[in-house]
1. Given Cβ point charges of +1 (Lys, Arg) and -1 (Asp, Glu) and nothing else, what value in debye, to the nearest 20, does the dipole of the chain about its Cα centre take?
2. So if I take the centroid of the Cα atoms in the stretch 100-114 and the same for the stretch 60-85, what is the distance between those two points in Å?
3. Provide the per residue accessible area, probe 1.4 Å, for the chain, rounded to a whole number of square angstrom.
4. Could you list the square roots of 5 times each eigenvalue of the Cα gyration tensor of the chain, that is, the equivalent ellipsoid semi-axes, sorted largest first and rounded to whole Å?
5. Kindly state, to the nearest 0.05, the FRET efficiency for Q107 paired with T68, given R0 = 35 Å and r defined as their beta-carbon distance.
6. Give a quick list of GluC sites (Glu not before Pro) in the stretch 47-115 that DSSP marks as loop, anything other than H, G, I, E or B, with at most 15 other Cβ atoms within 10 Å.
7. Compute the label zone of V5 within the stretch 77-115: residues whose backbone N is under 18 Å from the point 7 Å along Cα-to-Cβ.
8. Would you be so kind as to identify which of W105, C95, N30 lies farthest towards the positive end of the dipole of the chain, taking Lys and Arg as +1 and Asp and Glu as -1 on Cβ and the Cα centre as origin?
Amino acid sequence: QVRLVESGGGLVHAGESLGLSCVASGMSINVWGMGWYRQAPGKEREWVAVIDSRGRPYYSEAMKDRCTISRDVAKNEIYLQMDSLELEDTAVYYCNTAVDGNMFWGQGTQVTVSS
């Protein structure tokens, strides 16, 4: 059974940085890619960044200059470092993977950016 558990969310001020983590079990991140998505209040879920099975990162236009996705294969864990956070980055951030055509999501971690 694939399980994803996010951590690291919290309350920060605009302009500050925050790092998120997602530990995976039941699958190997060097076999299946993983990604970060977010959902702001009243908005649809959107993707933020993806790291493929080879460790290559891909970023959304909205976040490509302000975040870095990385991984630790030994820990089966991925990370999202976000810098220069803006009020509009307030959202629940979810870890995601697709294994054999099945999508899996973590429970999400809240990131709140205040002025």
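1. Computed about the Cα centre, the dipole is about 320 debye.
2. 13
3. Accessible area per residue, the chain: 53 Å².
4. Each semi-axis is √(5λ); the values are 23, 14, 12 Å.
5. After rounding, the FRET efficiency stands at 0.95.
6. E61, E86
7. Under cut-off, by backbone N: 77-80, 93-97, 104-110.
8. Projecting each Cα onto the dipole axis, the largest value belongs to N30.
The values are calculated or read from the model by the stated rules, or taken from the named source; none is laboratory data. As the structure is a computational prediction, the values presented were derived from the model and not from experiment. All Cβ positions, glycine included, derive from the backbone under ideal geometry; neighbour counts span all protein chains shown. Protein only, heavy atoms only, side chains kept; ligands, DNA and RNA dropped before computing areas. Shrake-Rupley method; radii C 1.70, N 1.55, O 1.52, S 1.80 Å.
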